[in-house]
Each structure stands twice: as structure tokens, then as C-alpha cells.
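Everything on this sheet refers to the single structure shown next.
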Amino acid sequence: MRITADREACCAAGQCALIAPDLFDQSDEDGTVVLLDARPEAVRLDTLRDVVSRCPTGAIRLEDDPGA
């Protein structure tokens, strides 16, 4: 699996960083999402689904990674 984060779509709500601080942070400049790990372990799938569902703008996406 692979995570993508669209910083332009991000509204800086910070839910991703609160739920999974080891995978997401927020920019000091504008508060938008900073992706720390685009290919986390599969055991994180439930947490990632929670992050995706709570992102108010849909800026966080979880995708299959055929190259993995």
C-alpha cells in the first residue's frame, strides 16, 4: 500500500498528525500535511483507513502499490 497526501487540497485540520504522528506531521509554515512515510507496514491499515476517513478535504489517500 501507498499513502499520498495532496498539500494543496489540505486545509490543515491536523487529524492525520493526531491519529498517526509517526506517519504524518504538519508544516511549520502553513500547517498543511507533511507525509513522513509513504509506504508503511500493512499492519497499519486500520489506522490509515481511519486517517483517510477523517480527512475533511480528502487530501489523504490510500492506494494499492503494485510495485511493492
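The values are calculated or read from the model by the stated rules, or taken from the named source; none is laboratory data. Every value quoted in this text rests on a predicted model; they were computed, and no experiment measured them. Cβ sites come from the backbone with ideal geometry, for glycine too, and all protein chains shown count toward neighbours. These accessible areas exclude ligands, DNA and RNA; they are computed on the full protein's heavy atoms, side chains included. Shrake-Rupley method; radii C 1.70, N 1.55, O 1.52, S 1.80 Å.
When you scan the stretch 38-62, how many residues do you find that are of a type outside the set (S, T, N, Q), in contact with a Cys (Cβ under 7 Å, 6 or more places away or on another chain) and farther than 11 Å from R2 by Cα?
Residues flagged as of a type outside the set (S, T, N, Q), in contact with a Cys (Cβ under 7 Å, 6 or more places away or on another chain) and farther than 11 Å from R2 by Cα within the stretch 38-62 amount to 4.
Is there any pair with a first residue in the stretch 1-24 that is closer than 22 Å to V43 by Cα and a second that is open to solvent by 60 Å² or more (accessible area, probe 1.4 Å) and outside any strand (DSSP E or B) whose Cβ atoms are under 6 Å apart and which are 6 or more apart or on different chains, and what are they?
R2/R39; Q15/R54; L23/L36
Applying the selection to the stretch 51-68, what residues are in a strand (DSSP E or B) and charged (D, E, K, R)?
R61, E63, listed by residue number.
Out of all the residues in the stretch 33-55, is one or more polar (S, T, N, Q), open to solvent by 60 Å² or more (accessible area, probe 1.4 Å), at pLDDT 95 or above and within 12 Å of the chain's Cα centre (by Cα)?
Looking through the stretch 33-55, at least one residue is polar (S, T, N, Q), open to solvent by 60 Å² or more (accessible area, probe 1.4 Å), at pLDDT 95 or above and within 12 Å of the chain's Cα centre (by Cα).
Can you tell me which condition A12 does not meet? The list is (1) on the phi > 0 side of the Ramachandran plot; (2) among the hydrophobic types (A, V, I, L, M, F, W, C); (3) touching a Cys at 6+ places or on another chain (Cβ under 9 Å), and all the others hold.
All conditions are met except number (3).
State all residues of the stretch 57-68 that are in contact (Cβ under 8 Å) with a residue 24 or more places away in the chain and open to solvent by less than 90 Å² (accessible area, probe 1.4 Å); if no residue qualifies, say none.
T57, G58, A59, I60, L62, E63, D65
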